[in-house]
1. Cα extents of the range 111-159 along the three principal axes, largest first, in whole Å?
2. Skipping prolines and chain starts, which residues have an amide H placed within reach, meaning under 5 Å, of the one on D55, given they are 5 or more residues away or on another chain?
3. Mind pulling the per residue volume of the convex hull built on the Cα atoms of the range 61-136? Å³ is fine.
4. Just to confirm, what accessible area per residue do you get for the chain at 1.4 Å probe, in whole Å²?
5. Using only Cα atoms, locate the centre of the range 117-195 and the centre of the range 23-98, then give the distance between them in Å, rounded to an integer.
6. For the pair E80/A125, report the inter-label distance in nm, with labels modelled 7 Å from Cα in the Cβ direction.
7. Summing -39500 (n - 2.57) over the DSSP H runs of n ≥ 4 in the chain and dividing by its residue number, what mean residue ellipticity at 222 nm do you reach, to the nearest 500 deg cm²/dmol?
8. If you build a Gaussian network model of the chain, linking Cα atoms that sit under 10 Å apart, which residue out of L79, L152, L139 swings the most?
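The values are calculated or read from the model by the stated rules, or taken from the named source; none is laboratory data. None of the values given here were measured: they were computed from a predicted structure. Quick reminder, even Gly has a Cβ in these numbers, built from the backbone with ideal geometry, and neighbours come from all protein chains shown. In case anyone asks, the SASA skips ligands and DNA or RNA and just uses the protein heavy atoms, side chains included. Shrake-Rupley method; radii C 1.70, N 1.55, O 1.52, S 1.80 Å.
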Amino acid sequence: MRPLWMAALRPQKLPFRRRMARASVALIYRHGEGGEAELLFIQRARRAGDPWSGDMAFPGGRMQADDASASEAARRETLEETGLDLVRHGLFRGRLSDLLTRRHSQWRPMVVTPYVFEWRGPDEAALNHEVERIVWIPLSHLAAEGSQSVRLWRSPFGALRMPCCRYEGYCIWGLSYSMLRDFLGSDLLASAAIR
C-alpha cells in the first residue's frame, strides 16, 4: 500500500470532469543536441478578437465527439497544430492534474488535462493557422529562479499582477504557467531531466 503522503503527489482528477466541456494539452520534452532537456511551447497566432493572441501555450484544444480519450485529443490537436506526430514519435510519460478554466468565448467552465510526452522524432514542424511558431526552451531556464517574473494583466476587474516565466522576449503565464509549475514539481521532471 502507498503511504498517504504519496497519494497527495498524484495528479488530481476533478470528480465532475466528465460532465463538463473538456480540453487537453501536450507538454512535450526532448533532449537537445547537448543532452539538455527542453520543453516545447507554441506561440499562438496573432488574431483580432482572440484574448490570448500571440501568447505562449502548449499544443492542445477541446475534445471532440470522436476522440476516444482526452490523451487522444492532445495527440490529435498537437498533430493538427504543429505537425508533430505523438502517436509515431512521442513516448507517453504521464499526466498532470486537471485544471479548471473557462472556454475562450464564454464564461462556462472547462476542465483541461495536461499530458506529458517525450519527443523522439525529427525536428521538422508543419504549423497550422493557429500557431505562429514553436519554441524549445531548456528546462533549466524554466526552473531557474531568475527566470520567474510578473506580468501585468488588465482584466475587467482591474490590473492584476500575474506570475510568469520569461525567455528571450517570450512570456509564459496564466494556465500554461500553472501547468509548467505543476510539471516542474512532479515526478515526471526527473525522467525528463535524465537521459
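1. That gives 44, 31, 24 Å along the principal axes, largest extent first.
2. Correct list: R44.
3. Details: hull volume 8.9 nm³, N = 76.
Spelled out: Cα convex hull of the range 61-136, divided by residues, is 118 Å³.
4. Working: 11040 Å² over 195 residues.
Value returned for the chain: 57 Å² of accessible area per residue.
5. First find each Cα centre; the distance between them is then 12 Å.
6. Distance between the two pseudo-spin positions: 1.8 nm.
7. Working: 6 runs with 45 residues, N = 195.
Counting only the DSSP helices, I get -6000 deg cm²/dmol.
8. Checking each option, the largest mean-square fluctuation is seen for L152.
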